[in-house]
Amino acid sequence: MHPRNPFDLTGRTVLVTGATRGIGFAVAQALADRGSRVLITGRKPEAIDAAVDSLRATGAEVRGVVCHQGDSVAIEEMFRRIDEEGVALDGVVVNAGTNPVMGPLIDVDLAAWQKILDVNLTGSLLTARAAIRRMLPRHGGSVVFMASIAGIEPITGLGAYSVSKAGLLGLMRALAREVGAGGVRVNAIAPGLVETRFAAALFQDRAAYDEIVSRTPLGRHGQPDDVAGVAAFLLSDAAAYITGQTIVVDGGGRV
């Protein structure tokens, strides 16, 4: 009799926020490929429908839920619906994020600052704790925050975003300490430059792009699939003794 594959996610249900494209979509696909049922969120119904159709075309068992991570009422409503449908979450990937401005922190518009914190930090807390409260009674579960290397070392021109991701890493460590005894693991992924619409501005600035890649030992930028596999690992039993950690996925740029 062969031992169970510790990377297998068959029979589990995972919520992935902000998963209609980019890294979130790749994570949802990676989880489904490993046997997980997946719930994905996004702000726009048409984007969710398109993502769900694409995932189902590959055989994924997936459902979509409209939810804006910057809206506390929307988050509460999403979890109310999850409860009503009798869904027991085994994991959550808090991936949704925003960055509406670039420029120095001393010039940042207060409304933009607040929006970044509402989505990237406060919304992440509300989503994670709602999921954790449902995991603790079953003494098991995994939370993965999608942070950024900007949360480790601030990026010039992305000050507000960098601060929000640094706060997210602090949130991850605090939660890991609080809920570990309850069997729930909490970790984070810090991607470097990944080819997504979210990072389009960095790809359009050729000088900035070339400078980043020149400092990357693997000699290339990342793809969403490079991050997705790490998320799948952290949600699996292969990572059963890992919590409170940040895994950097940047091609070695911080070596």
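The values are calculated or read from the model by the stated rules, or taken from the named source; none is laboratory data. Quantities reported herein were computed from a predicted structural model and do not represent experimental measurements. Because the Cβ atoms are built from the backbone with ideal geometry, glycine has one as well, and the counts that use them run over all protein chains shown. Remember, those area values only see protein heavy atoms, side chains included, never the ligands or the DNA or RNA. Shrake-Rupley method; radii C 1.70, N 1.55, O 1.52, S 1.80 Å.
Summary table below
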{"quantity": "Sequence-separation-based contact order of the chain, relative, with Cα cut under 8 Å and 6+ spacing, percent", "calculated": "20"}
{"quantity": "Amide H contacts under 5 Å for Val184, placed H, 5+ residues apart", "calculated": "none"}
{"quantity": "Distance between the range 1-48 and the range 154-190 - C-alpha centres, whole angstrom", "calculated": "21"}
{"quantity": "Environment charge at Ala57 (Cβ cut-off 14 Å; Lys +1, Arg +1, Asp -1, Glu -1)", "calculated": "-3"}
{"quantity": "Per-q log10 I(q)/I(0), the range 17-86, q = 0.18, 0.20, 0.21 Å⁻¹ (Debye; single scatterer per alpha-carbon; no solvent)", "calculated": "-0.64, -0.78, -0.85"}
{"quantity": "Carbon + sulfur, % of accessible area of the chain - ligands and nucleic acids excluded, 1.4 Å", "calculated": "54"}
{"quantity": "J(HN,Hα) series, the range 22-38, from Karplus relation 6.51 cos²θ - 1.76 cosθ + 1.60, nearest Hz, glycine and proline x", "calculated": "x, 5, x, 5, 4, 5, 4, 5, 4, 5, 4, 4, 9, x, 7, 7, 10"}
{"quantity": "For the range 43-180: accessible area per residue (Å², 1.4 Å)", "calculated": "49"}
{"quantity": "Loop GluC sites (Glu not before Pro), the range 67-165 (other Cβ atoms within 10 Å of the site Cβ: 13 or fewer; DSSP)", "calculated": "Glu85"}
{"quantity": "Calculated Rg and Dmax of the range 120-255 using C-alpha coordinates, Å", "calculated": "15.8, 51"}
{"quantity": "Cα-centre dipole for the range 1-123 with unit charges at Cβ (Lys and Arg positive, Asp and Glu negative), debye to 20", "calculated": "360"}
{"quantity": "Stokes-Einstein translational diffusion, the range 211-255 - Kirkwood Rh over all Cα pairs, 1.002 mPa s, 20 °C, in µm²/s", "calculated": "181"}
{"quantity": "Over the chain: helical MRE at 222 nm, DSSP H runs n ≥ 4 each giving -39500 (n - 2.57), nearest 500", "calculated": "-12500 deg cm²/dmol"}
{"quantity": "Residue-by-residue Karplus 3J(HN,Hα) for the range 161-168, coefficients 6.51, -1.76, 1.60, Hz, glycine and proline x", "calculated": "4, 4, 4, 5, 6, 5, x, 5"}
